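Beneath this line is the structure, given in structure tokens, with notes to follow.
Since every read-out is calculated from the coordinates, none of them should be taken as a lab result. Since this is a predicted model, take the numbers as computed values, not measurements. Heads up, the Cβs are rebuilt from the backbone with ideal geometry, glycines too, and the neighbour counts pull from every protein chain shown.
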Amino acid sequence: MCNIEAYIFDLDGVVVDTAKYHYLAWKRLAAEFEYHFTQEDNEQFKGVSRMDCLNILSKMIGRSFEEREKIELADRKNDWYIEYIKNMGKDEVLPGFVEFITEIRKAGGKTALASASKNAALVLERLELGRYFHAVVDGNAVNKSKPDPQVFLLAADRLGVAKEKCLVFEDAQAGIDAAKHARMYTVGIGRQENPLRGADIMKPGFEGLSPEQLLGELDFPDTPEVCNV
Ligand code: B16
Ligand code: MG
């Protein structure tokens with residue numbers, strides 16, 4: 001039986017539904033190149049850094065850009081994204097999250113945010129969520145994108161908890177792969193019918209879920225498995 005000491009949360013799609021705003025901003029950019037960007041396309045963008053997303057988009061639309069143009073396009077997408085999230089309200093925090101993390105902290109668990117987003121601080125501030133995390137690691141603190149484990153390893157390090165005692169919550173395949181590379185346990189956030197490969201358990205969200213119940217449901221192997229990607 002494993003002893004979890006730290007709980008590490010992805011931001012977009014786990015704590016708050018900002019994934020839809022990333023989608024709208026990429027869709028708007030793709031439309032300028034007459035490309036119809038779909039929700040399915042957007043799945044490949046989840047948990048992936050802004051520049052890596054732009055590189056994927058460039059392949060999708062069949063165009064290559066010079067470095068200067070890439071920066072200009074990524075900035076444009078980001079300006080739209082910021083414009084969208086400025087109007088976000090506390091009701092966009094995913095249901096049950098605040099109750100869930102509050103219970104963890106009451107029981108003495110450590111909590112961290114580990115996001116690929118460079119806008120994480122802005123989102124936390126807008127929604128007054130910063131106080132729930134002992135550590136925050138965002139896209140400004142790392143130079144390798146998920147599925148690289150860097151963001152999760154840094155979060156564990158800042159919390160002072162061994163990686164084998166960390167449980168990661170992720171909604172993206174790249175994020176589950178990153179956590180597995182870090183040898184951490186994982187909860188995939190999403191539909192059971194559409195499971196994230198390698199997740200130790202899938203949950204639709206935090207509503208009605210208690211940390212105690214979740215740990216009871218998790219069938220911990222002695223050591224977290226490393227994902228073969
Ligand atoms: P930004 P997460 C990720 O956040 C998003 O899932 C991904 O779609 C986005 O491209 C990435 O952040 C970078 O975001 O452009 O704001 O720096 O899911 O790791 O919290
Ligand atoms: Mg995410």
> Along the three principal axes, how long is the stretch 131-185 when you take its alpha carbons, biggest first, rounded to the nearest angstrom?
Replying inline: 27, 25, 17
> Within the stretch 64-93, whose backbone N sits under 16 Å from a point 7 Å along Cα→Cβ of residue 34?
Replying inline: 64
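Quick one: compute the contact order of the stretch 19-85, relative version, from alpha carbon pairs under 8 angstrom and 6+ residues apart, as a percent.
Relative contact order, the stretch 19-85: 45 percent.
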> To the nearest 10 degrees, how steep is helix 50-61 against the longest Cα principal axis of the chain, on a 0 to 90 scale?
Replying inline: 50
> Say the dipole of the stretch 17-148 comes from +1 at the beta carbon of Lys and Arg and -1 at that of Asp and Glu; which of 108, 51, 25 then lies farthest toward its positive end?
Replying inline: 108
>> I want to verify the translational diffusion coefficient of the chain in µm²/s; compute it with Stokes-Einstein, Rh as the Kirkwood radius over Cα pairs, at 20 °C and 1.002 mPa s.
In response: 120
> In sequence order, what are the phi-derived ³J(HN,Hα) couplings for the stretch 29-40 according to the Karplus relation 6.51 cos²θ - 1.76 cosθ + 1.60 with θ = phi - 60°, rounded to whole Hz, with x for glycine and proline?
Replying inline: 5, 4, 4, 5, 10, 6, 10, 8, 7, 9, 4, 5
> What value, in deg cm²/dmol to 500, does the helix sum -39500 (n - 2.57) over DSSP H runs of n ≥ 4 give at 222 nm once divided by the residues of the chain?
Replying inline: -12000 deg cm²/dmol
> To the nearest 10 degrees, how steeply does helix 150-159 sit against the main Cα axis of the chain, on a 0 to 90 scale?
Replying inline: 40
> Which loop GluC sites (Glu not before Pro) in the stretch 1-64, with loop taken from DSSP, have no more than 15 other Cβ atoms within 10 angstrom of their Cβ?
Replying inline: 32, 34
> Suppose R0 equals 30 Å; then what is the FRET efficiency for residue 197 and residue 102 from their Cβ-Cβ distance, rounded to the nearest 0.05?
Replying inline: 0.45
> How many percent of DSSP beta bridges within the chain run antiparallel, rounded to 5?
Replying inline: 5
